[in-house]
Amino acid sequence: MPSKGLNLLIVAAGLGVNLYGLYGVKFGLPMVGYGGHFQFLTIVGLLVATLSFAVRIVNLLTGTLRPVYEALTAIATPVEGLISVLYWPIVLYDKKMLVPDDTIFDLPLALDVSLHLIPTIVCWVDFMVFNTGFKRSPVHILAIYTFTMLYFVWVNICYEHNGYWPYPLLSMFKNDAQRGAFFLGCGWFCSLLYKMIAKGHSMIHPGDKKETVKDLKNKKNQ
């Protein structure tokens with residue numbers, strides 16, 4: 001049985017790092033335009049991960065809010081994985097795909113890893129090692145795709161107000177259909193990450209369970 005104390009320590013440290021990242025962005029990187037910092041997937045994902053860590057701490061200390069934690073971590077863990085997988089190769093290849101030419105992009109290393117790496121590590125460790133009560137569910141996949149498409153709608157709303165995309169990468173697509181396909185692909189990749197970590201979880205915790213559509217229908221009828 002994994003140590004609850006160690007789990008609490010890791011998640012609390014992750015929460016501290018996330019808050020540092022949010023504080024550093026809010027006060028260190030001024031952002032104008034509709035949506036502010038929340039135009040960016042990094043910040044939206046970080047916020048979900050922060051809420052997940054905070055709820056996890058309450059869950060560990062009181063035993064409550066388990067369903068809320070499961071819902072948040074099912075979204076935060078693959079989304080943070082997607083952010084890390086996309087961000088670091090793109091930054092190494094061409095930073096201009098993420099920020100406009102006239103934008104100064106020189107994040108301190110501590111802030112950079114606080115935004116784009118450490119949240120992913122903490123999410124995955126908490127999920128795979130310590131979340132012994134996890135049950136795979138099609139609802140989680142639905143939540144991932146819903147989150148993806150809501151962010152797609154949100155990005156388009158920001159574009160309508162600002163006249164530019166938060167990531168120059170998105171301007172490389174010819175139309176919304178191509179951008180929508182890109183977002184659906186990202187949603188699919190997140191669902192793949194979810195299945196991968198669920199599989200890894202079952203290897204670490206051989207007795208874990210899988211919730212099926214039939215189980216959900218039975219719950220609804222009870």
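The values are calculated or read from the model by the stated rules, or taken from the named source; none is laboratory data. All values derive from a computational prediction rather than experimental measurement. Cβ placement follows ideal geometry from the backbone for every residue including glycine, while neighbour counts extend to all protein chains displayed. Surface areas here come from the heavy atoms of the whole protein model, side chains and all, with no ligands, DNA or RNA. Shrake-Rupley method; radii C 1.70, N 1.55, O 1.52, S 1.80 Å.
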| task | Could you list, in sequence order, all residues of the range 160-171 that are under 23 Å from W188 (Cβ atoms) and free of Cβ contacts under 8 Å to residues at least 60 places away in the same chain? | result | W165, L170, S171
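Quick one: is G33 out of contact with any Gly (no Cβ under 7 Å at 6 or more places or on another chain) and outside any loop (DSSP other than H, G, I, E, B)? First the steps, then the outcome.
On the way: out of contact with any Gly (no Cβ under 7 Å at 6 or more places or on another chain): yes; outside any loop (DSSP other than H, G, I, E, B): no.
The answer is no for G33.
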| Taking the range 30-46, which residues are in contact (Cβ under 8 Å) with a residue 12 or more places away in the chain, open to solvent by less than 70 Å² (accessible area, probe 1.4 Å) and out of contact with any Lys or Arg (no Cβ under 8 Å at 6 or more places or on another chain)? | G33, G35, Q39, F40, L41, T42, I43, V44, G45, L46
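Quick grid of which residues meet (1) more than 25 Å from C186 (Cβ to Cβ); (2) hydrophobic (A, V, I, L, M, F, W, C); (3) loosely packed, with under 15 Cβ neighbours inside 10 Å:
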{"position": "L60", "(1), (2), (3)": "yes, yes, no"}
{"position": "T73", "(1), (2), (3)": "no, no, no"}
{"position": "L86", "(1), (2), (3)": "no, yes, no"}
{"position": "K95", "(1), (2), (3)": "no, no, yes"}
{"position": "L109", "(1), (2), (3)": "yes, yes, yes"}
{"position": "V122", "(1), (2), (3)": "no, yes, no"}
{"position": "F127", "(1), (2), (3)": "no, yes, no"}
| query | Conditions: (1) open to solvent by 20 Å² or more (accessible area, probe 1.4 Å); (2) in contact with a helix residue (DSSP H, G or I) (Cβ under 6 Å, 6 or more places away or on another chain); (3) touching a residue at least 40 places away in the same chain (Cβ under 8 Å). T148 meets all but one. Number of the miss? | reply | (1)
| said: Condition first: at pLDDT below 90, open to solvent by 30 Å² or more (accessible area, probe 1.4 Å) and of a type in the set (A, V, I, L, M, F, W, C). Can you find one or more residues in the range 193-208 that meet it? | reply: yes
| query | Of the numbered conditions (1) within 30 Å of G163 (Cβ to Cβ); (2) over 14 Å from the mean Cα position of the chain (by Cα); (3) in contact (Cβ under 8 Å) with a residue 24 or more places away in the chain; (4) surrounded by fewer than 19 Cβ atoms within 10 Å (Cβ to Cβ), R66 satisfies every one except a single condition; which is it? | reply | (1)
| said: Here's a check for you: in the range 151-167, which residue that is part of a helix (DSSP H, G or I) and either at pLDDT below 95 or among the charged types (D, E, K, R) (or both) is least open to solvent (accessible area, probe 1.4 Å)? | reply: N162
| message | Among the residues that make up the range 114-121, is at least one of them more than 27 Å from P30 (Cβ to Cβ) and assigned to a helix (DSSP H, G or I)? | response | yes
| field | Conditions (1) among the hydrophobic types (A, V, I, L, M, F, W, C); (2) modelled with pLDDT of 95 or more; (3) under 17 Å from Q39 (Cα atoms); (4) out of contact with any His (no Cβ under 8 Å at 6 or more places or on another chain); number of the one not met by F105 | value | (2)
| query | What pairs can you find where one residue is in the range 1-15 and modelled with pLDDT of 95 or more, the other is surrounded by 11 or more Cβ atoms within 10 Å (Cβ to Cβ) and basic (K, R), and their Cβ atoms are less than 7 Å apart, with a gap of 6+ or different chains? | reply | V11/R56
